[in-house]
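Working notes for the structure below.
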Amino acid sequence: AEYDKRVAAGASEEDLDKLMKTSLPSVIVFNQIDMDHSGSVDAAELKRALIALPRNGRHVGDGKDPPFVPFEGMVATLDSDSSGEISLSEWIENLGKLPDLQKAIEASVDPRTGKLAKYRSLEEQLALRMQQRDDCEARAQKGEDVETELEKRHKQVALLQSQLGLAGVIVFNQLDLDGSGKLEREELLRAIKHMCKSSDQAADLNEEELTTLTEGYIKLIDVDGDGIIDMDEWLFRLDRAPRFQEMVEEGVDGVTGKIRGYRTLPEQLAKLEKNIADLEAQASAGEDVGTELERRNTQRDKCAARLAEVEATRAAAEAENKKVMDEVEAKMAAVTAESEAPAPARSE
């Protein structure tokens with residue numbers, strides 16, 4: 001890559017730092033449009049990215065429109081070794097040869113994230129289409145004539161689900177109780193316990209066997225060995241644990257995209273509170289429910305403690321994210337101010 005070439009040529013730290021600053025936005029966009037996380041971008045991925053870019057008003061230098069380059073020409077320019085895949089180094093080194101494309105990308109990048117603002121991954125598209133379908137169904141229930149639109153939305157959702165598989169981002173977010181963007185051992189164990197109740201594969205496993213099963217699945221999916229599952233590992237390595245994948249997909253509601261009957265911690269806590277209230281009423285009526293009431297109280301206390309822990313983790317993560325974003329915005333403001341500052345006058 002260009003960085004390695006300049007290091008070998010003895011480039012200064014200042015030159016290398018400048019190269020990294022100019023390359024970083026390209027790297028972020030490249031990783032964003034690399035949908036399958038293969039480390040390269042193919043023609044289909046590039047075409048999806050172009051849809052998110054502005055089509056008019058792109059100019060280069062002197063304000064004139066850059067020469068038109070057909071899509072095939074873009075691919076040929078970026079894929080310099082004609083391998084059929086655009087590598088990261090090819091993307092960084094060749095993007096400047098397509099000023100029209102480069103300017104369009106620069107105009108479309110969200111400065112807070114470095115990503116294309118209007119580009120949606122397949123997972124994000126699915127979430128949007130499902131929301132549109134749900135809104136359409138709500139309108140239909142009110143008596144609006146939306147049959148044609150509703151049929152269209154159902155087809156869009158079905159197509160995206162077929163491309164992503166049932167166990168996609170919606171299920172991941174459902175299981176990610178603390179919103180950390182990662183599935184920890186306890187979160188997976190809780191989900192597996194729920195799914196095993198309605199699965200013929202593991203309905204009779206005890207606590208120890210379920211824990212062993214969960215740890216085995218983590219080892220199969222966890223590519224970096226940190227003991228937790230991030231979004232990429234979930235989406236692109238779940239098939240390494242086919243038994244688990246089958247269990248998840250069997251439990252997914254095709255309409256909502258979520259695991260059927262799986263409660264969030266607040267929902268579970270509310271259910272336990274109701275159970276306890278019912279049992280206390282029975283006890284007041286003279287029924288012998290002491291043992292069951294004690295069991296439910298223990299479950300309620302554990303659930304409440306876990307919920308408090310999750311909320312504390314989420315609050316800490318939000319605070320850390322805000323701190324990072326504030327630092328990024330401050331650095332970007334400093335860079336902008338530096339670039340806009342007038343050059344020092346030359347001494348005669």
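Scanning residues 5 or more positions from residue 183 or on other chains, those with amide H under 5 Å from its amide H are 229, 230, with H placed 1.01 Å from N in the peptide plane. Given R0 = 30 Å, the distance between the Cβ atoms of residue 292 and residue 263 translates into a calculated FRET efficiency of 0.95. With each label modelled as a point 7 angstrom along the Cα→C-beta vector, the residue 197-residue 219 pair spans 2.9 nm. I need the shape label for segment 197-262. Rule: rounded when a/c is under 1.5, else prolate if a/b > b/c, else oblate, with a, b, c from the alpha carbon gyration tensor. Here segment 197-262 falls in the oblate category. Taking amide H positions as modeled 1.01 Å from N, with prolines and chain starts lacking one, the residues under 5 Å from residue 86 and 5 or more places away or on another chain are 41, 42. If you plug the beta carbon distance of residue 331 and residue 159 into 1/(1 + (r/R0)^6) with R0 = 41 Å, you get a FRET efficiency near 0.50.
In sequence order, segment 117-131 has phi-based couplings of 5, 9, 8, 10, 6, 4, 5, 5, 4, 4, 4, 5, 5, 5, 5 Hz under the Karplus curve 6.51 cos²θ - 1.76 cosθ + 1.60, θ = phi - 60°, and Gly or Pro positions carry x. Applying a threshold of 27 Å to the alpha-carbon distances of 155/197; 193/271; 155/193; 118/323; 274/302 flags 155/197; 155/193 as lying beyond it.
Simple spin-label estimate for residue 317 and residue 110 gives 1.7 nm between the two label positions (7 Å along the Cα-to-Cβ direction from each Cα). Within the shell defined by Cβ-Cβ distances under 15 Å, the residues around residue 326 carry a net charge of 0, with Lys and Arg each +1 and Asp and Glu each -1. Derived scalar couplings between HN and Hα for segment 220-233 equal 6, 9, 6, 6, 9, x, 8, x, 10, 10, 8, 4, 4, 4 Hz in order, rounded to whole Hz, by the Karplus curve 6.51 cos²θ - 1.76 cosθ + 1.60 (θ = phi - 60°), x for Gly and Pro.
Full extension from residue 52 to residue 97: what is 0.36 nm times the residue separation minus their Cα-Cα distance, to one decimal in nm?
So the extension gain works out to 14.2 nm.
Between residue 259 and 253, the built amide H atoms are under 5 Å apart, and every one of these is 5 or more places off in sequence or on another chain. For the pair residue 243 and residue 186, a Förster radius of 22 Å applied to the C-beta separation gives a FRET efficiency near 0.60, rounded to the nearest 0.05.
FYI, it's all coordinate maths here, none of it is from the lab. This one's a predicted model, so the numbers in the text were calculated from it and none came from an experiment. For neighbour counting, all protein chains shown are included, and Cβ atoms are generated from backbone atoms with ideal geometry for every residue, glycine included.
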